[in-house]
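First the structure, in the form of structure tokens, and then the observations on it.
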Amino acid sequence: MIDIRLLRSDPDSVKAALTRRGEDTSGLDQIIGLDARQRALASKRDDVRNEIKNVSRQVGGLHRDGKPDEATELQAQSRELGAQEDVLAAEVDELASEIHEILLRVPNLPSDDAPEGLTESDNVVIRHEHWDPDAYSDHQRVPHWEIGEQLGILDAERGTKLSGSMFVMYSGMGATLCRALIQYGLDRNADAYREMRPPTLVKTATMVSTGHLPKFEEDAYHLERDDLWAIPTAEVPLTSFCRDEVLDEADLPMKLMAHTSCFRREAGSAGRDTRGLLRVHEFDKVELLSYATRDQAPEVHADILARAEAAITDLGLSYRVLDLCAGDLGGSSARTFDLEVYAPGTDQWLEVSSVSWFSDYQARRANVRYRPTDEKGTRIVDTLNGSGLAVPRVWAGVVETHRQSDGTISIPEVLQPYMRGATTIG
């Protein structure tokens with residue numbers, strides 16, 4: 001969440017930043033008012049506590065001086081003050097909780113470097129890589145769901161029979177290709193990122209830490225009986241890996257990666273891009289995440305982006321890099337670069353990775369701090385993450401791009417070691 005101290009000291013800059021997102025900032029005045037009231041009550045509570053301590057010292061002195069009657073009178077006064085303190089403390093806690101709940105719904109402040117704009121049409125295309133719109137043949141202009149059905153490697157009908165719409169089943173070499181992509185994504189980042197396997201079901205506090213709750217509750221799968229949530233991305237458990245802990249600066253940046261299944265209800269997507277693998281409720285992904293200091297964050301951000309780009313390049317896919325405008329950023333993000341693969345069969349740019357810097361927004365929610373080497377106290381870490389390899393749309397890009405004139409699929413060389421020696425899917 002945003003730093004309330006900044007809101008107290010410079011509310012105009014916070015409002016200006018959120019206005020860049022297209023956010024209504026009227027609620028900030030409510031937070032400022034509640035915060036002022038809470039601090040005033042907290043001051044009164046502390047004054048009463050100090051008075052109780054003074055009375056207690058006086059009571060002790062009277063007992064030592066052999067004046068029990070006077071001590072009894074003061075003890076009665078102390079009890080009255082104690083009751084007053086309890087009331088004030090309850091009011092302070094209630095206000096703190098109310099402020100916290102409102103702050104949880106306030107998005108992060110966009111980076112000054114994020115482009116201006118309010119919708120995805122305002123995103124800036126930084127560059128295209130390996131893309132020539134005239135270089136694709138007719139045999140590559142077939143959508144992956146048709147290719148998958150022809151080769152028996154993608155079975156959307158049975159996936160729907162088992163689990164409902166927007167679930168798919170991979171079959172034979174299609175399933176092998178999924179596994180190959182995941183292992184490829186893990187292996188190429190193992191030089192710098194520690195592999196984890198976090199739980200797929202997490203507590204509410206874990207979802208709150210990344211900002212997925214409470215704002216995006218409708219897009220999440222909730223197991224109400226156990227009050228657990230199916231993760232929408234490994235970002236969720238990895239962000240909370242060090243929740244409520246204090247790290248040493250020498251251990252930063254801490255770099256983690258994980259392959260997990262991911263679950264997204266996609267509540268608002270009915271009827272939109274739902275064919276094949278364009279938008280599914282369950283998918284596999286390799287996530288890269290880092291805790292870093294503010295000074296380390298730019299280099300880490302660039303590293304995650306470079307790794308995601310290199311993975312796509314080595315798969316022989318065309319892609320473009322977008323710098324998301326302030327209004328199209330995710331709620332927790334301060335700056336995001338999207339990678340979109342070109343899929344010739346659907347003639348679409350498919351987002352395959354969002355590489356994001358969250359400043360200290362998520363870590364403040366998760367209470368992840370570090371102890372600077374040369375100063376007292378602690379600071380909140382910055383968090384950054386991005387998809388090292390997300391299966392469904394990359395799978396679609398590979399199948400469409402590498403389809404041959406005879407209908408088979410040429411397997412990219414970097415994947416062949418994971419495909420049991422196969423060089424084609426036919």
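The set of residues from segment 1-38 being in contact with a Lys or Arg (Cβ under 9 Å, 6 or more places away or on another chain) and closer than 30 Å to Arg79 by Cα comprises Asp35, Ala36. When you scan segment 190-211, do you find a residue that is over 30 Å from Asn367 (Cβ atoms) and at pLDDT 95 or above, even just one? Yes, because at least one residue in segment 190-211 is over 30 Å from Asn367 (Cβ atoms) and at pLDDT 95 or above. Could you grab me the full set of residues in segment 91-129 that are over 23 Å from the mean Cα position of the chain (by Cα), outside the structural domain of Arg45 (by TED's automatic domain parsing) and either among the acidic types (Asp, Glu) or surrounded by 14 or more Cβ atoms within 10 Å (Cβ to Cβ) (or both)? Scanning segment 91-129 gives His128, Glu129. Restricting attention to segment 198-221, does a residue exist that is over 17 Å from the mean Cα position of the chain (by Cα) and either free of Cβ contacts under 8 Å to residues at least 12 places away in the same chain or on the phi < 0 side of the Ramachandran plot (or both)? Among the residues of segment 198-221, not one is over 17 Å from the mean Cα position of the chain (by Cα) and either free of Cβ contacts under 8 Å to residues at least 12 places away in the same chain or on the phi < 0 side of the Ramachandran plot (or both), which makes the answer no. For segment 77-108, the candidate set comprises residues that are among the aliphatic types (A, V, I, L, M) and touching a Leu at 6+ places or on another chain (Cβ under 7 Å); within that set, the residue that is nearest to Arg20 (Cα to Cα) is Ile99.
Could you tell me whether Asp155 is charged (D, E, K, R), in contact with a strand residue (DSSP E or B) (Cβ under 9 Å, 6 or more places away or on another chain) and surrounded by 18 or more Cβ atoms within 10 Å (Cβ to Cβ)? In short, yes. Can you say whether Arg403 is assigned by TED's automatic domain parsing to the domain that holds Leu154, within 26 Å of Ala302 (Cβ to Cβ) and in contact (Cβ under 8 Å) with a residue 60 or more places away in the chain, as far as the supplied structure shows? So Arg403 does not fit the description; no. Within segment 277-285, the presence of at least one residue that is closer than 18 Å to Ser387 by Cα, basic (Lys, Arg) and at pLDDT 95 or above is confirmed. Within the set Asp314, Asp323, the sole residue that is in the same structural domain as Tyr170 (by TED's automatic domain parsing), surrounded by fewer than 23 Cβ atoms within 10 Å (Cβ to Cβ), of a type in the set (D, E, K, R) and over 30 Å from Ile102 (Cα atoms) turns out to be Asp314. Can Ala363 be described as in a helix (DSSP H, G or I), surrounded by fewer than 23 Cβ atoms within 10 Å (Cβ to Cβ), aliphatic (A, V, I, L, M) and modelled with pLDDT of 95 or more? No. Among the residues of segment 114-165, the ones that are in contact (Cβ under 8 Å) with a residue 60 or more places away in the chain, within 30 Å of Gly316 (Cβ to Cβ) and outside any loop (DSSP other than H, G, I, E, B) come to 18 in all. If you take the residues of segment 18-50 that are touching a Ser or Thr at 6+ places or on another chain (Cβ under 9 Å) and in contact (Cβ under 8 Å) with a residue 12 or more places away in the chain, which of them is nearest to Thr206 (Cα to Cα)? The extreme case among them is Leu18.
Within segment 166-182, none of the residues are touching a Cys at 6+ places or on another chain (Cβ under 6 Å) and assigned to a loop (DSSP other than H, G, I, E, B).
The values are calculated or read from the model by the stated rules, or taken from the named source; none is laboratory data. Note that this is a predicted model, so its numbers are computed, not measured. FYI the Cβ positions are ideal-geometry reconstructions off the backbone, even for glycines, and counts take in every protein chain you see.
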